[in-house]
1. Take S191 and decide whether it is farther than 15 Å from S219 by Cβ, crowded, with 20+ Cβ neighbours inside 10 Å and not basic (K, R).
2. Looking at the range 25-38, can you tell me whether even one residue there is assigned to a loop (DSSP other than H, G, I, E, B), β-branched (V, I, T) and surrounded by fewer than 16 Cβ atoms within 10 Å (Cβ to Cβ)?
3. Just wondering, is there one or more residues in the range 132-146 that are in contact with a Leu (Cβ under 6 Å, 6 or more places away or on another chain) and either aliphatic (A, V, I, L, M) or assigned by TED's automatic domain parsing to the domain that holds E79 (or both)?
4. When the residues of the range 58-113 are filtered to those that are touching a residue at least 60 places away in the same chain (Cβ under 8 Å) and among the aromatic types (F, W, Y), which remaining residue is farthest from M19 (Cα to Cα)?
5. Being farther than 24 Å from Q195 by Cα and hydroxyl-bearing (S, T, Y) is the filter here; which residues of the range 297-331 pass it?
6. Looking only at the range 264-285, which residues are over 24 Å from T247 (Cβ atoms) and either touching a residue at least 12 places away in the same chain (Cβ under 8 Å) or among the polar types (S, T, N, Q) (or both)?
7. So for the range 135-142 (the condition being hydroxyl-bearing (S, T, Y) and not in a loop (DSSP other than H, G, I, E, B)), does at least one residue qualify?
8. Could you pull out the residue among L159, L201, L205, L146 that is in contact with a Phe, Trp or Tyr (Cβ under 6 Å, 6 or more places away or on another chain) and either crowded, with 21+ Cβ neighbours inside 10 Å or part of a helix (DSSP H, G or I) (or both)?
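The values are calculated or read from the model by the stated rules, or taken from the named source; none is laboratory data. Quantities reported herein were computed from a predicted structural model and do not represent experimental measurements. A quick note on method: Cβ atoms are made from the backbone with ideal geometry, for glycine too, and the neighbour counts reach across all protein chains shown.
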Amino acid sequence: MLSPFTGKEMSIQKEWRTMTYKKEEFRVCFHSWKCEDTGEQFEDDHFAQLNYDQVQNQYRAKYAIPFKEEIADIRVKYELSAIKMSHILGFGDNTYRQYEAGEMPSQANARLILMAANPVDFKNMVKISNLDDVMTEKLTKRIENLLQEEIRNTDKRMLESYFLGMHRPSVYSGFRMPDLNKFAEMVFFFSEKLQPWKTKLNKLLFYADFHCFGNSGKSISGVNYRAIPMGPVPDKFQTLFEFLNNTQVVEICTSYFTNGGIGEQFFPAKERKFNSALFTEQEINSLVAVAERFKNVSTDDIIEISHKEKAWLDNKDKLDLIDYLYAFDLN
């Protein structure tokens, strides 16, 4: 960005600040542009949004307030308009639409929205709403279908819960609900582009999720990462990779080396294509940027690079989960 005073390129400044939101204080990595000649600092639209989102994300996580993507998904699964959803929950006509656009729900309204995510609870809400008979019957059938679908998908939900925890969004998930489908596509993407060995793949996934968080305030997959001696890795990565191999997302080929070592290399499953529709443009950009950055970097070198990250250095001794706020300190 060019300085409005000198016309020269400005530098990006990052500094930890305390910002106040709804009378509470939150620590954020404040981003701005700095004119080196005048010392003046500016927020452009992107930085202003990133700074504000950091505060809002922490507030939502603290009080279990659903994120706008969750709010939209709840309505969509019932095949309702925003105004109908508002009426069922007892909100004003445009309230639900405003929440989907990013307005912060009150804590009371947030609890109602989270209750509505459960088809059993939502069915009871529909019963006491003032919908006409035709809409009530249509919606009741939709809810029954969802309940049957949940029964059919019990095993899948149990697997996702085991692999990813299915926790509420937090600093350890990058303020995302964990998404096994997106994580699987990330693994496929890097397998297709780089055919990495397992240790390198772990680092690629870490850098992609944390790169996206550093630019948007949210991760891609919602996966937890842990610091282990070989560097940052997705939590329960071994089991996750075995599952993706068994479900034909990737093919894992094992090699035995003359020094007695064993390596596992990842290839894309045949007859399968990357599902880009699951990702936003910003998420795709992060995947591409990380693939380009590390395409010619060896496994040993990417380990060494990851060992210089504050995210690993501060957590390696206790093998702790890594707070996504470390994304703002990536080298």
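1. Details: farther than 15 Å from S219 by Cβ: yes; crowded, with 20+ Cβ neighbours inside 10 Å: yes; not basic (K, R): yes.
For S191, the condition - farther than 15 Å from S219 by Cβ, crowded, with 20+ Cβ neighbours inside 10 Å and not basic (K, R) - is met.
2. Filtering the range 25-38 down to residues assigned to a loop (DSSP other than H, G, I, E, B) leaves 35-38.
From what's left, β-branched (V, I, T): 38.
From what is left, the residues that are surrounded by fewer than 16 Cβ atoms within 10 Å (Cβ to Cβ) are 38.
The answer is yes; a qualifying residue exists.
3. Step one: filter the range 132-146 for residues in contact with a Leu (Cβ under 6 Å, 6 or more places away or on another chain), giving none.
Scanning the range 132-146, I find no residue that is in contact with a Leu (Cβ under 6 Å, 6 or more places away or on another chain) and either aliphatic (A, V, I, L, M) or assigned by TED's automatic domain parsing to the domain that holds E79 (or both), so the answer is no.
4. Per the criteria, the residue is Y78.
5. The answer is Y324, Y326.
6. Pass one, the range 264-285, residues over 24 Å from T247 (Cβ atoms): 280-282, 285.
Once the filter is applied, which keeps residues that are over 24 Å from T247 (Cβ atoms) and either touching a residue at least 12 places away in the same chain (Cβ under 8 Å) or among the polar types (S, T, N, Q) (or both), the range 264-285 yields T280, Q282, N285.
7. Scanning the range 135-142 turns up at least one residue that is hydroxyl-bearing (S, T, Y) and not in a loop (DSSP other than H, G, I, E, B).
8. Working: L159 fails: in contact with a Phe, Trp or Tyr (Cβ under 6 Å, 6 or more places away or on another chain); L205 fails: in contact with a Phe, Trp or Tyr (Cβ under 6 Å, 6 or more places away or on another chain); L146 fails: in contact with a Phe, Trp or Tyr (Cβ under 6 Å, 6 or more places away or on another chain).
After ruling out the rest, the residue left standing is L201.
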